[in-house]
Amino acid sequence: MKEKENTVKRYVRNDILLILCLVLIAAIGLFYLYVLRDHGDTVRVTVDGKEYGNYSLSQDITEDIYTGKDGEYHNRLVIKDGTAFMESANCPDGICVEHSRVFRDGESIVCLPHRVVITVVTSGDSNTPDVVI
Amino acid sequence: MSKKTKNVAFIGVCTALALVLSYIEAILPPLFAAVPGIKMGLPNIIIMFLLYRRGPAAAIAVSLIRMLLVSLLFGNMMALMYSLAGAMLSLIVMIILRRLNFLSTVGVSVAGGVSHNIGQILTAMLLLETAELGYYLVVLTITGTVSGMLIGLCGAALIKHIPNKI
């Protein structure tokens, strides 16, 4: 009986350790994503991994993205007040439309059925050296 | 009733239960408004129960049949690929962890929930050829942990209270 109790205690301790580790990893990730990251300035649209277009976050636009064989897939990307969101889409799940607005560097909205990914980037962040202040 | 017949009936009932839980989950309001599409994984209560009561084979069987039926009924073959990848990874992780015998059902379920999400995101990264999806992993680690805990507690209750004879 005593031995069984000890095993249960060991289980619970390991469970708590595992959960704490995961929460810690997530907390570091969240801190990195939401506190350290600045606002991006450009929205990059990729379809099926290939670049479709870049749009500035500072200009309000409405862009209709037609994909698929005969352009039967439709996603409407809207940039307004420095944020980007998917206004409408004819994908089956509609998850991209429900997604909150994105504006931080690295944030993205994904439409899995249409393989459309929109990502906020900071223009030229990969090919120009960091600015020394 | 022969043992084999009984087993077939049992697996059938479990699959039906898992299917109903998938449906309930589909009609529930979304859990987390900022990142839509996140689900609790209610059918995994049944998978957990089976893994502990009937072993890996039964858990894998019910998991596969359920996913096939869900994609046939609600018609989304694209989604099937993602669920398959997630479910396979999480089942493998859970089977190994159960063998290693150092976590309770809750711990195993948490690891299963998180690895399910990792499997799905990795598949999406490969299919869409974008690394940017890593952003989702952070949010999914949290939701995977929380739902894994809840599923694990429900699974533990089932394992404890459903008589062994069934």
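Just so you know, all these numbers are worked out from the coordinates, no wet-lab data involved. Nothing here was measured: the structure is a model prediction, and the numbers come from that model. Cβ coordinates were reconstructed from backbone atoms using ideal geometry, including for glycine residues, and neighbour counts include every protein chain displayed.
Take every Cα pair under 8 Å in chain A that's 6+ residues apart, average their separations, divide by the length, and report that relative contact order as a whole percent.
Taking the mean separation of contacting Cα pairs over the length of chain A, I get 22 percent.
Highest first, please rank the peptides B:40-50, B:101-111, A:48-58 by the mean number of other Cβ atoms sitting within 10 Å of their residues.
Ranking, from highest mean packing down: B:40-50, B:101-111, A:48-58.
Order of B:63-72, A:113-122 by packing, highest average Cβ count within 10 Å first?
Details: B:63-72: 17.7, A:113-122: 22.4.
Descending mean neighbour count gives A:113-122, B:63-72.
From other protein chains only, count the Cβ atoms within 10 Å of every residue's Cβ in B:139-148, then give the mean.
4
Can you give me the angle between helix A:2-30 and the longest principal axis of chain A, using Cα atoms only, in degrees from 0 to 90, rounded to the nearest 10?
20
Is the C-alpha gyration tensor of segment B:35-154 telling us rounded, prolate or oblate? Criteria: a/c under 1.5 is rounded; beyond that, a/b larger than b/c is prolate, otherwise oblate.
oblate
Taking the mean number of other Cβ atoms within 10 Å as a proxy for protection, how do you rank B:80-88, A:97-105, A:5-13 from highest to lowest?
Numbers: B:80-88: 19.3, A:97-105: 17.4, A:5-13: 12.3.
By packing density, highest mean first, the sequence is B:80-88, A:97-105, A:5-13.
Quick one: 3J(HN,Hα) in Hz for segment A:37-44, Karplus 6.51/-1.76/1.60 with θ = phi - 60°, rounded, Gly and Pro as x.
7, 8, 5, x, 10, 9, 10, 9
Sorted from fewest to most neighbouring beta carbons within 10 Å, what does the list A:HIS74, B:HIS161 look like?
Details: A:HIS74 16, B:HIS161 7.
Fewest-to-most ranking of A:HIS74, B:HIS161: B:HIS161, A:HIS74.
According to the square roots a ≥ b ≥ c of the eigenvalues of the Cα gyration tensor, what is the shape class of segment A:13-133, taking rounded for a/c under 1.5, prolate for a/b larger than b/c otherwise, and oblate for the remainder?
Judged from the Cα gyration tensor, segment A:13-133 comes out oblate (a/c at least 1.5, b/c at or above a/b).
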